[in-house]
1. Counting only residues that are more than 16 Å from the chain's Cα centre (by Cα) and charged (D, E, K, R), how many does the stretch 191-224 have?
2. Does at least one position in the stretch 49-72 carry a residue that is free of Cβ contacts under 8 Å to residues at least 40 places away in the same chain, within 16 Å of ligand 2 (Cβ to nearest atom) and surrounded by 19 or more Cβ atoms within 10 Å (Cβ to Cβ)?
3. Output yes when any residue across the stretch 113-122 is within 26 Å of S147 (Cα to Cα), β-branched (V, I, T) and part of a helix (DSSP H, G or I), and no when none is.
4. Taking only the stretch 43-66 into account, find how many residues are at pLDDT 95 or above and more than 19 Å from S89 (Cβ to Cβ).
5. Looking only at the stretch 43-85, which residues are away from ligand 1 (no atom under 16 Å from the Cβ) and assigned to a helix (DSSP H, G or I)?
6. Any idea how many residues of the stretch 141-170 are of a type outside the set (A, V, I, L, M, F, W, C), within 16 Å of ligand 1 (Cβ to nearest atom) and modelled with pLDDT of 90 or more?
7. Considering every residue within the stretch 13-33, establish whether at least one is more than 16 Å from ligand 2 (Cβ to nearest atom), closer than 22 Å to R222 by Cβ, in a helix (DSSP H, G or I) and not aliphatic (A, V, I, L, M).
8. Please report, ordered by residue number, the strands (runs of 3 or more DSSP E) entirely within the stretch 171-246 with at least 2 residues that are surrounded by 20 or more Cβ atoms within 10 Å (Cβ to Cβ), in contact (Cβ under 8 Å) with a residue 12 or more places away in the chain and more than 16 Å from ligand 1 (Cβ to nearest atom).
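The values are calculated or read from the model by the stated rules, or taken from the named source; none is laboratory data. Remember, predicted model here, so these are calculated numbers, not experimental data. Because the Cβ atoms are built from the backbone with ideal geometry, glycine has one as well, and the counts that use them run over all protein chains shown.
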Amino acid sequence: MSLIELKKVTYNYPLDNEPVIKEVSLSLEKGKVYGLIGNNQAGKTTLCNIIRGFIPSLFFGELAREVMYKDKPVQTYNVGALAAEIGYSSQNPFTQISGVKDTVEEEIAYGMENIGIEPEIMKVKVQELLKLFALEALKEKNPYELSGGQKQRVALASVVALDPEVIILDEPTSQLDPQSTEEVFQIIAMLKEQGKTIIVVEHKVDLLAEYCDVVILLEDGRVVKCGETHQLLNDRTILAHGGSLP
Ligand SMILES: Nc1ncnc2c1ncn2[C@@H]1O[C@H](COP(=O)(O)OP(=O)(O)OP(=O)(O)O)[C@@H](O)[C@H]1O
Ligand SMILES: [Mg+2]
């Protein structure tokens, strides 16, 4: 049974003449890791925003056909309820910092505070996350003083803190060095162990080959390939559609 289902979804941003997502059908199962690849402007971020219900509710425009989460259309969920189930870390770590907290430690706790987690539980959780994301030495720092890669780790920790069922990571390693990149994928593997469903937009196909169950290749708003990772990443025909081989 699929957790997330898109049925021939087409989407047009307001004022645009042409749709940027075209007849996309996908069926995503619980507990799997999905790698989303494709050229720049292929529509990867737009597709993430469709899955988490932010399109069309926040971006407006015309969305045709259906996106289902747990067998119910996403638009029937309350925005807050859906956000609690589907976590998202943005492609741009700069927009991900709340701006209302003075330290990394408080920043990670911020989302938990908002959903009313008990302070005692929260403290323990924050310490765990600082450790997991190698942020202990930075916990007193102002989030704005961090490097891009450090911000990216804080953003990820803040998403994981809320324990969502689905985690969408939009280019989570773009600012990270190879070592931290590998660590992010190890965290993805750990989240999968916990039964989470993960969608990761990523250009580093070597890591996708190692950690993903399924790869989805988007080209100009269409899903041109979707399949089991090893099969798809050994298929030379993806090179002609903006894909690359490990
Ligand atoms: N808010 C917006 N309003 C109008 N058009 C948009 C908006 N955001 C993106 N687009 C357009 O939608 C298309 C797909 O963009 P999107 O950001 O989804 O692609 P992407 O695959 O994530 O690209 P990248 O690899 O650069 O992150 C592009 O042509 C882009 O210009
Ligand atoms: Mg993008």
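1. Number of matching residues: 6.
2. Within the stretch 49-72 (the criterion being free of Cβ contacts under 8 Å to residues at least 40 places away in the same chain, within 16 Å of ligand 2 (Cβ to nearest atom) and surrounded by 19 or more Cβ atoms within 10 Å (Cβ to Cβ)), the answer is yes, since at least one residue qualifies.
3. No, the stretch 113-122 has no match at all.
4. Adding up the residues that qualify gives 0.
5. V74, Q75, T76, V79, G80, A81, L82, A83, A84, E85
6. The total comes to 1.
7. For the stretch 13-33, residues more than 16 Å from ligand 2 (Cβ to nearest atom), closer than 22 Å to R222 by Cβ, in a helix (DSSP H, G or I) and not aliphatic (A, V, I, L, M): absent.
8. 197-201
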